[in-house]
Amino acid sequence: MSSDTSNAAAATDGATQDADSMAADWAAALAEAKPQSTETGLAESVAPAAFANFAPNAGTGAAGNDINMILDIPVQITVELGRKRIPIKHILQLAQGSVVELDALAGEPMDVLVNGYLIAQGEVVVVNDKFGIRLTDIVTPSERMRRLSKTT
């Protein structure tokens, strides 16, 4: 039995030495893979960020600067006479001279939409043989917000 115990102890010592040897090999490999110059190179290449000053100038008003940034943004204005939901088979039956009845009544104000959002209502006018719309009611910002919250 004593020879079995000594063989088992020798096998355990051999396994421990193999594990220690493997750990040392891994540590050496990791040390070689991570070059020391990378750490110092990073420190040398880092520079502080420079940001533009967005604070309003004392000579000009902040509101004037803000509105000037958006004045040239194009928007789509749509004047809506009314709406009608019809099946495709009726659309295919339309021909020149067909009448599509809208849900709006004659003489009702038309909706003026900007990018799909109602901003005003108005009535049709003709100026120099061109159609236009005279705004009769502008939707207040609070009313626009109320309508937006209804749709979402």
Notebook entry, point to check: Restricting to segment 100-127, what's the tally of residues that are loosely packed, with under 12 Cβ neighbours inside 10 Å and either charged (D, E, K, R) or modelled with pLDDT of 90 or more (or both)?
Noted result: 2
Checklist line | Selection count, segment 95-137, where residues are among the hydroxyl-bearing types (S, T, Y) and touching an Asp or Glu at 6+ places or on another chain (Cβ under 8 Å) | finding: 1
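The values are calculated or read from the model by the stated rules, or taken from the named source; none is laboratory data. Computed from a predicted model, the values in this text were never measured in an experiment. Backbone-built Cβ (ideal geometry, glycine too); neighbour counts: all protein chains shown.
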